[in-house]
Amino acid sequence: MCLAFPATIIKLDGPNATVEFHNVKRDIRVDLIGDCQIGDHVLVHAGFAINKLDEEGARETMETWTELIEIMEKEDKKLKNDQSPE
Amino acid sequence: MEKDQLIKYSELLKNYSLKRPLNIMEVCGTHTVAFFHTGVKDIFPEGLNLIDGPGCPVCVTANGYLDRAIQIQKEHEVVLATFGDMIKVPASYTSLQKLKSEGVRIEIVYSPMDALEIAKKEKDIEIVFLSVGFETTIPTEAVTLKKAIEENVNNFSILTGNKLTPPAVDALLTLGEVKIDGFILPGHVSIITGSDNWQFLPKKHSKPSVISGFEPKDLIMGTLRLVQLIENGEIEIDNLYKEVVTEEGNRLALGFIEELFDVTDANWRGIGVIPGSGLKLKDKFSLYDAEKKFPVTMPEEVENKSCRCGEILRGLITPPECPLFGTVCTPREPVGACMVSFEGSCSAYYKYRK
């Protein structure tokens, strides 16, 4: 029930907006996100934008991902080396 | 993310060798379904057990709530407006779907604003909106109600059945019936609550947790990171959904909730009354509170004794362990709420059963 989909604001009129996602347009409300403008990427739930997508945050998440993978690959390699016969 | 990269990362999860068997819980019903339909659950390494949490609002709504809604409709001839998820849920004696098939007008809406629009257009009917849902949904209901109050829409009211997720997770751990090593926290709930609202997990219960999105890469990364936190003894919350989740949450949305609602105790199906886990409308808005506006004589609440939805919601058993699962109880003919909701654990197990 907490499903939300990402969409882009293409029209704005006070608390009302139109968003587009994969060529589907939908009228929503933007009361919950404060300042916003056309072109903003938002997450939509039950007819309301519940937050803007933060590009920097997205990049940070990707960095964590990359770091995590590097650590795991290193550990994986170490494990394989430890297991290989001397 | 490139497809070959995703395959590579999937391999990492699949081949991960755990130091000891681990139980992790995904709190959110949307995660429950996502783990199944992306296939990420199928590549869990040996010894990693995913326990479904109480994160499906429809599933945790006790019969008494729907019984009241139905009784209000019967005694006061109101029009109930509801999210589609609630329509098939069996109450003690009937369901909204059965009522609808008997000719009772029930409006299924996508947004609470749609329910308000009906009330504004049809002044001669009373619209009662079934306000269920967790923190993700509550602000949308709060804004709608605020509009109704501002515009003096007197034929609109809400029946509050809203619930707060952190107190429920706290209660599960305090009950101590099931051993959980760490949590995958709900991404969209956390947009509103913020990651700080979950700090009781590491601080009070010493449980590491991650906040995760819903894409396959998010699920894989969230799972791997959680396992890493548990194995390294790092008792903290790692927010892996920073593009939308902040520490303090959506202050604007939380403000709307605080303006209209007071925190109260709430009855969760299968768990019972959890202190501070529900919301009620502030007294000054009682004209918009369907429970006060339309007093009813409540019928006795009856639960189907053979349905084990409650134990499933507490993480004690998996759906296939219930004798009704897949035989008497199917998505077409659901006995319990966990089979009704698309996000219910039983429904997900049934849909993706091998």
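Given the Cα-Cα distance of B:Ile108 and B:Lys146 and 0.36 nm per residue of separation, how much length would full extension add, in nm? Write down the numbers at each step before the final one.
Numbers: separation 38, 0.36 × 38 = 13.68 nm, distance 2.08 nm.
Net length gain for the segment: 11.6 nm.
Which pairs break 27 Å Cα to Cα here: B:Lys98/B:Lys293; B:Lys147/B:Lys280; B:Lys8/B:Lys207; B:Lys163/B:Lys242; A:Lys77/B:Lys242; B:Lys41/B:Lys98?
Values: B:Lys98/B:Lys293 25 Å; B:Lys147/B:Lys280 18 Å; B:Lys8/B:Lys207 29 Å; B:Lys163/B:Lys242 24 Å; A:Lys77/B:Lys242 30 Å; B:Lys41/B:Lys98 35 Å.
In this structure, B:Lys8/B:Lys207; A:Lys77/B:Lys242; B:Lys41/B:Lys98 exceed 27 Å between Cα atoms.
About the Cα centre, and with charges only on the beta carbon of Lys, Arg (+1) and Asp, Glu (-1), how big is the dipole of chain B? Nearest 20 debye, please.
Charge dipole of chain B: 640 debye, to the nearest 20.
Can you pull out the cysteines in the protein assembly as shown that have no other Cys Cβ under 4.7 Å?
A:Cys2, A:Cys36, B:Cys28, B:Cys307, B:Cys322, B:Cys329
According to a simple spin-label model (label point 7 Å from Cα along Cα-to-Cβ), what is the distance in nm between B:Asn49 and A:Lys25?
Placing both labels 7 Å beyond Cα along the Cβ direction yields 5.3 nm.
Check each of the GluC sites (Glu not before Pro) in region B:194-256 and keep only those in coil by DSSP with at most 16 other C-beta atoms within 10 angstrom; list them in order. The partial results should precede the final answer.
On the way: sites: B:Glu231, B:Glu234, B:Glu236, B:Glu243, B:Glu247, B:Glu248; in loops: B:Glu234, B:Glu236, B:Glu243, B:Glu247, B:Glu248.
Sites meeting the loop and neighbour criteria: B:Glu234, B:Glu236, B:Glu247, B:Glu248.
Suppose a student asked you for the relative contact order of region B:72-218, using Cα pairs under 8 Å spaced at least 6 residues apart; what percent would you report?
On the way: 176 pairs, mean separation 27.6, N = 147.
Reported relative contact order: 19 percent.
Around B:Gly55, which amide H atoms from residues at least 5 apart in sequence, or from another chain, sit under 5 Å from its own amide H, with H modelled in the peptide plane?
The list, which skips near neighbours in sequence, is B:Gly29.
Show me the trypsin sites (Lys or Arg not before Pro) within region B:156-214 that DSSP assigns to loop and that have at most 14 other Cβ atoms within 10 Å of their Cβ.
Details: sites: B:Lys163, B:Lys179, B:Lys203, B:Lys204; in loops: B:Lys179.
Listed in order of number, the matching sites are B:Lys179.
Which listed residue (A:Gly47, A:Gln37, A:Leu12) has the Cα farthest towards the positive end of the charge dipole for region A:6-47, taking +1 on Lys and Arg C-beta and -1 on Asp and Glu C-beta about the Cα centre?
Value computed over the given set: A:Gly47.
Please average, across the residues of B:242-252, the number of beta carbons from any other chain that are within 10 Å of each residue's own beta carbon, and give a whole number. Could the numbers behind the result be given before it?
Numbers: counts 10, 15, 13, 4, 3, 0, 0, 1, 6, 1, 5.
Mean shielding by partner chains, rounded to a whole number: 5.
Beyond 35 Å, what share of the Cα-Cα pairs of chain B remains, rounded to the nearest whole percent?
Tail of P(r) above 35 Å: 24 percent of Cα pairs.
Between B:Glu311 and B:Lys121, what is the FRET efficiency for a Förster distance of 45 Å, r being their Cβ-Cβ separation, to the nearest 0.05?
Working: r = 45 Å, r/R0 = 0.99.
Result of the calculation: an efficiency of 0.50.
Express the relative contact order of chain B as a whole percentage, based on alpha carbon pairs under 8 Å and six or more residues apart in sequence. Show your work: numbers first, answer last.
Working: 641 pairs, mean separation 76.3, N = 354.
Averaging sequence separation for qualifying contacts and normalising by length gives 22 percent for chain B.
What does the charge dipole of region B:210-311 about its Cα centre add up to, to the nearest 20 debye, if the Cβ of each Lys and Arg holds +1 and the Cβ of each Asp and Glu holds -1? Display every interim value, and only then the final one.
Working: 12 positive and 20 negative charges, 76 e Å.
Magnitude of the dipole: close to 360 debye.
Assuming 1.306 mPa s and 10 °C, estimate D for the protein assembly as shown with Stokes-Einstein, Rh taken as the Kirkwood radius over Cα pairs, in µm²/s. Provide the component values of the computation, followed by the final result.
Values: Rh = 22.7 Å.
For the chosen part, D equals 70 µm²/s.
Treating only the Cβ atoms of Lys and Arg (+1) and Asp and Glu (-1) as charged, compute the dipole magnitude of the protein assembly as shown about its Cα centre; round to the nearest 20 debye. It would help to have the intermediate numbers written out before the result.
Values: 49 positive and 67 negative charges, 234 e Å.
Result for the protein assembly as shown is approximately 1120 debye, rounded to the nearest 20.
Bear in mind that the values in this text are calculations on the coordinates, not laboratory data. This one's a predicted model, so the numbers in the text were calculated from it and none came from an experiment. Because the Cβ atoms are built from the backbone with ideal geometry, glycine has one as well, and the counts that use them run over all protein chains shown.
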